[in-house]
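Here's a structure for you.
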Amino acid sequence: MFRPISEQNALANLEALRSDFRSMITDVYEHRAKACAVCETPGACCLDEHFVNVHVSRLEAAAIGKAIADLPAQTKKAVRERTAKVIEKYKLDEAIDTSTATYACPLFEKGTGCLVHDTAKPLPCIMHACYSSEADLPPDELLDEAELAVNKLNEQTYRRPTGQLPIPLAIAKLI
């Protein structure tokens, strides 16, 4: 059993974990990938309804919720609207098992990019980049290790394991 910590402390720990993970991916792997700034189709990977299948824990959802709360009112409204449309379009609220459900991410805004990029970007999104060769990809074990650490933070914070939800469902529970 883990020593309990407050959600506020857990969010700070999560940010440190995400920051370390981002630095490691950036320093060791991303130089092998095409930079998002030169992408011919900005956001295509985030909006690809046949590709995106990112699930987040309760703590990660809390971080996303805080990031959304800090957005301008008009942007928050747009996120709410996109989230509702995504849930309806992909029937995420009807799915018994969302582990294979795909959707377009409601946190991506054309012209701006990921609205939570600097503050609450999920680990799988941090790890994703346009690599030209499969050999250049970061090993899945790196993500697995980081996600185990996030799961530990969730258990320390909420005193039990927490499930994971697709980003749109997690957002809908928050806003």
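Of the residues 129, 120, 146, 104, which is modelled with pLDDT of 95 or more and either of a type in the set (S, T, N, Q) or under 18 Å from residue 46 (Cβ atoms) (or both)?
Result of the check over 129, 120, 146, 104: 120.
Which of the helices (runs of 4 or more DSSP H) contained wholly in the range 64-175 include at least 1 residues that are farther than 19 Å from residue 30 by Cβ and not acidic (Asp, Glu)?
By residue number, 73-89, 140-158, 167-174.
Can you tell me which residue within the range 99-138, out of those that are surrounded by 15 or more Cβ atoms within 10 Å (Cβ to Cβ) and of a type in the set (D, E, K, R), is nearest to residue 62 (Cα to Cα)?
The selected residue is 121.
Out of all the residues in the range 13-58, which are surrounded by fewer than 14 Cβ atoms within 10 Å (Cβ to Cβ) and of a type in the set (Gly, Ala, Ser)?
16, 19, 23, 35, 37, 44
OK, next. Within the range 75-98, count every residue that is surrounded by fewer than 18 Cβ atoms within 10 Å (Cβ to Cβ) and out of contact with any Phe, Trp or Tyr (no Cβ under 8 Å at 6 or more places or on another chain).
Just the residues of the range 75-98 that are surrounded by fewer than 18 Cβ atoms within 10 Å (Cβ to Cβ), to begin with: 75-78, 80-81, 84-85, 88-89, 91, 93-97.
Applying the additional criterion that residues be out of contact with any Phe, Trp or Tyr (no Cβ under 8 Å at 6 or more places or on another chain) yields 75-78, 80-81, 84-85, 88, 91, 93-97.
Adding up the residues that qualify gives 15.
Sticking with this structure for a sec: Considering only residues of the range 42-69 that are of a type outside the set (A, V, I, L, M, F, W, C) and over 15 Å from residue 154 (Cβ atoms), which is modelled with the lowest pLDDT?
Of all residues in the range 42-69, those of a type outside the set (A, V, I, L, M, F, W, C) come to 42-43, 48-50, 53, 55, 57-58, 60, 65-66.
From what's left, over 15 Å from residue 154 (Cβ atoms): 42-43, 48-50, 53, 66.
Values: 42: 79, 43: 82, 48: 86, 49: 87, 50: 84, 53: 91, 66: 96.
Within the range 42-69, the match that is modelled with the lowest pLDDT is 42.
The values are calculated or read from the model by the stated rules, or taken from the named source; none is laboratory data. Everything quoted here is computed from the prediction, not taken from an experiment. With ideal geometry, Cβ positions are generated from the backbone for all residues, glycine too; neighbour counts draw on all protein chains shown.
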